[in-house]
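First the structure, in the form of structure tokens, and then the observations on it.
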Amino acid sequence: MNTPAAVVADGLGKRYRAKWALHECTFSVPAGRVCGLVGANGAGKTTLLRMLAGLSRPTAGRAAVAGTAPADDPAFLAEVGFLAQEIPLYRRWSAEDHLRMGAHLNPRWDDAAGRQRLRSLRIPLGQRVGTLSGGQRAQVGLALALAKHPRVLLLDEPVAALDPLARRDFLSTLAEAVAEHGITVMLSSHLVADLERVCDHLVVLADGRTVLADDLDDVLLGHRLLTSTRRDIAALEREHTVLRVERTARQVSVWVRLNGPLHDPGWEQSELSLEEIMLAYLGMSSVGPDESVLREVPA
Ligand SMILES: Nc1ncnc2c1ncn2[C@@H]1O[C@H](COP(=O)(O)OP(=O)(O)OP(=O)(O)O)[C@@H](O)[C@H]1O
């Protein structure tokens, strides 16, 4: 049985003046998944998340989040939690003040869970959030977003500025909430090890386009490093998606997404880690592998 999609982008695009920040972006995230959103700086992650959160209108295409088109209206905003990169909190207010405002504004507010989450992390509820550490502020932002009981939670690089311990705490809180409430999460990050820990689905953007959208297990199964003494990769390119090529005098190495079985026994196959797969995608443009760039990568 197919799980219904909680987040859908269909030809979604955003143009700023002449430049497309996001172009023909198409993917769907099944309900209950934690989806990592990956892309180089400027790939369009924030642009995408802001459109999904109803904070910015698409120039082209359509999106559906929790079954509806994102919009800046109370019914939609009740279903969706969004934590922006800069953790938007009132610096002069305490966590307690934010909790009270949340209870006032949100119909499904779970005040007890929000407080419990912050107390268990020993975050002082009465202290101005401007005087909390970056990690504590991120946890306050997450606790507030979760207390809304959203069906979909969108997080824009929430752990980027946190130390490893604070990142672990943040991601544990997130994983517990997902297990408890079955919410769908879309989380942008450059930290592949973190994504591997919490995500079971991936969307990768390059130059504002979707270059990969799949379950994490299928991503790991479907990518291989192929090596051979031959030089010609034309036959390989006809059947599979070549991400990266490195040539030495004696050997060619090809990072590939397999679109079916590999028939040619002349290639030696080895598995790729998620980090290696992501690096291959981040190094390619949306139109194909760039060997001149790839040659700079040490073997
Ligand atoms: N308000 C804006 N006006 C003009 N251009 C914009 C605007 N917002 C984003 N862009 C451009 O759109 C592109 C995508 O930006 P975006 O912030 O979505 O990337 P990102 O993947 O989130 O990057 P990062 O990893 O650095 O946060 C960039 O080229 C950026 O300069």
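The translational diffusion coefficient of the stretch 53-198, from Stokes-Einstein at 25 °C and 0.890 mPa s with a Kirkwood hydrodynamic radius over alpha carbon pairs, comes to 157 µm²/s. Using only Cα atoms, tell me the angle between helix 134-147 and the longest principal axis of the chain; keep it within 0 to 90° and round to the nearest 10. Long axis of 134-147 versus the principal axis of the chain: about 80 degrees. Against the chain, whose longest principal axis is taken from its Cα atoms, helix 111-120 shows a tilt of about 70°. Along its principal axes, the chain has C-alpha extents of 67, 42, 39 angstrom, given from the largest down. Here the stretch 177-247 is treated with +1 on each Lys and Arg Cβ and -1 on each Asp and Glu Cβ, and its dipole about the Cα centre works out to around 500 debye. Which far-off residues, 5 or more places away or on another chain, put their amide H under 5 Å from the one on THR210, with H placed in the peptide plane? The list, which skips near neighbours in sequence, is THR26. Solvent-accessible surface of the stretch 116-244, averaged per residue with a 1.4 angstrom probe and all protein chains in place: 42 square angstrom.
Tell me the relative contact order for the chain as a rounded percent, counting alpha carbon contacts under 8 Å between residues six or more apart. The value is 19 percent. Which of the GluC sites (Glu not before Pro) found in the stretch 19-92 are loop residues per DSSP with 16 or fewer other Cβ atoms within 10 Å of their Cβ? When the GluC sites (Glu not before Pro) of the stretch 19-92 are filtered for loop state and at most 16 Cβ neighbours within 10 Å, GLU86 remain. Considering only Cα atoms, the convex hull volume of the stretch 160-288 works out to 131 Å³ per residue. Note on SER273: accessible area is roughly 50 Å² with a 1.4 Å probe, heavy atoms of protein only. Taking amide H as placed 1.01 Å from N in the peptide plane, the amide H of ALA6 sits under 5 Å from that of VAL29, ALA31, each at least 5 places away or on another chain.
Helix 164-181 and the longest principal axis of the Cα set of the chain meet at an angle near 80°. Rolling a 1.4 Å probe across all protein chains gives THR131 an accessible area of roughly 90 Å².
Within the chain, DSSP assigns beta bridges of which about 70% are antiparallel (rounded to the nearest 5).
Remark on ARG230: its backbone amide H falls under 5 Å from those of VAL252, a criterion applied only to residues 5 or more positions apart or on other chains, H modelled at 1.01 Å from N. The mean sequence separation of alpha-carbon pairs under 8 Å and at least six residues apart, normalised by the residue count of the stretch 97-231, gives a relative contact order of 18 percent. Its relative contact order, with pairs defined as Cα atoms under 8 Å and 6+ residues apart, puts the stretch 224-288 at 40 percent. Shown here is the pair-distance distribution of the stretch 25-118: with all Cα-Cα distances grouped in 5 Å bins from zero up to the longest one, the shares run 2, 10, 17, 21, 20, 15, 10, 4, 0 percent. Note that the stretch 144-210 shows a convex hull volume over its alpha carbon atoms of 101 Å³ per residue.
The values are calculated or read from the model by the stated rules, or taken from the named source; none is laboratory data. As the structure is a prediction and not an experimental result, all values here were calculated from the model. Note that we place each Cβ from the backbone using ideal geometry, even for glycine, and neighbour counts take in every protein chain shown. Surface areas here come from the heavy atoms of the whole protein model, side chains and all, with no ligands, DNA or RNA. Shrake-Rupley method; radii C 1.70, N 1.55, O 1.52, S 1.80 Å.
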